[in-house]
Each structure stands twice: as C-alpha cells, then as structure tokens.
1. Is it the case that some residue within segment 11-19 is at pLDDT 80 or above, open to solvent by 80 Å² or more (accessible area, probe 1.4 Å), among the polar types (S, T, N, Q) and in contact with a strand residue (DSSP E or B) (Cβ under 9 Å, 6 or more places away or on another chain)?
2. Between Gly73, Gly121, Gly42, Gly48, which is at pLDDT below 85 and farther than 18 Å from Ala17 by Cβ?
3. Any residue in segment 123-149 that's in contact (Cβ under 8 Å) with a residue 12 or more places away in the chain and at positive phi: show its pairings with residues that are open to solvent by 80 Å² or more (accessible area, probe 1.4 Å) and assigned to a helix (DSSP H, G or I) at Cβ separation under 7 Å, as long as the two are six or more apart or on different chains.
4. Take Asp94 and decide whether it is touching a residue at least 24 places away in the same chain (Cβ under 8 Å) and either in contact with a strand residue (DSSP E or B) (Cβ under 8 Å, 6 or more places away or on another chain) or not acidic (Asp, Glu) (or both).
5. Please enumerate the residues belonging to segment 97-122 that are within 23 Å of Gly48 (Cα to Cα), open to solvent by less than 70 Å² (accessible area, probe 1.4 Å) and touching a residue at least 12 places away in the same chain (Cβ under 8 Å).
6. Among the residues of segment 43-90 satisfying the criterion of being out of contact with any helix residue (DSSP H, G or I) (no Cβ under 9 Å at 6 or more places or on another chain) and assigned to a strand (DSSP E or B), which is most open to solvent (accessible area, probe 1.4 Å)?
Amino acid sequence: MSMKHWVFPPRGIVSFAGAPLVTPGASVDADVIVIGVPWDGGTGLRGGARHGPRAIREASQRFPLWQDRQPTGYWDVTTGQQRLAGITVVDGGDVPIVRASQEYTAAAITATVRAARRSAGLLLLLGGDHSLTFPAVQAFDDCGTLGII
C-alpha cells in the first residue's frame, strides 16, 4: 500500500466526529444536525468560550461516526458495542457571529436554529457561553409547550 492511502487524523476540515458538512440553511435529511456557536460576548471578564465549538470538533475526531460516506457509529470499548450505528449526523458549520453586535449575533443564532430545526430530528448546539441559550430557545416560539433541561 502506498503512503498516499494512509490517512491519519486530524486532516482536512474538522467537522463533528467526521460527519459530513452541510450548507447552513440547506434542506438536510438527517437524524442530528450539529451547529457551532462561537460566541462569548456574554462573558464579563474572561473570554475564550468562543473557542469551544472548534475544540469540541477537534476532540470528536477520536470518535468518527462516518466511514466511506456511511453512518457507522463508533465502537464503545467499555461496553463492547457499536454505538450510534445508522444514525445520520451532519455538521451545519457555525452561526455567523459579529463580535461588535450582540443584537445581530442573537438574531443570527435564532435564525440558524430555526432553519436547522427544519432539517433534522435533533439539534445539537456547541457553544459558546450561556448567553446563546435565550436566542436559541426563541427559535422554538412556534411550539405550544417546551421543556428545557
């Protein structure tokens, strides 16, 4: 086997657990869509939470969920079982953030979450600081009852 066939992560664009990247707002048929919110405008003293989505994506490379364009899940060494096999997870990229405008960023979070809700069964947000919660929940304003844990 030649060296060009060997692939050692990390490589290329880092997506959540090696999931395919999708265009924000595109119609996607997936079980889970992951959206990053690199925002720390709600922190008072120490920034840095904005680096969270990238760090989580980089750490998730240890547990790739896709292989050969198929949702394979990952092998859980502790239980000796394949986990999340057949679950389609896609990465929708990051919310467009404007560091100088908390209002624009909040509106972008709401719009991105609203669009992602139409694309997948489950939405997973990678943050960011705690201030992204309110604009994310606003995207569920059409739900009669909503529970938050």
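1. no
2. Gly42
3. Gly128/Arg50
4. Numbers: touching a residue at least 24 places away in the same chain (Cβ under 8 Å): yes; either in contact with a strand residue (DSSP E or B) (Cβ under 8 Å, 6 or more places away or on another chain) or not acidic (Asp, Glu) (or both): yes.
It is true that Asp94 is touching a residue at least 24 places away in the same chain (Cβ under 8 Å) and either in contact with a strand residue (DSSP E or B) (Cβ under 8 Å, 6 or more places away or on another chain) or not acidic (Asp, Glu) (or both).
5. Step one: of segment 97-122, the residues within 23 Å of Gly48 (Cα to Cα) are 97-110, 112-113.
Then drop every residue that is not open to solvent by less than 70 Å² (accessible area, probe 1.4 Å), which leaves 97-98, 101, 105-110, 112-113.
Result: Ile97, Thr105, Ala106, Ala107, Ala108, Ile109, Thr110, Thr112, Val113.
6. Here the answer is Trp75.
The values are calculated or read from the model by the stated rules, or taken from the named source; none is laboratory data. Quantities reported herein were computed from a predicted structural model and do not represent experimental measurements. Note that we place each Cβ from the backbone using ideal geometry, even for glycine, and neighbour counts take in every protein chain shown. Each accessible area value is taken on the protein alone, full model and side chains, heavy atoms only, with ligands, DNA and RNA left out. Shrake-Rupley method; radii C 1.70, N 1.55, O 1.52, S 1.80 Å.
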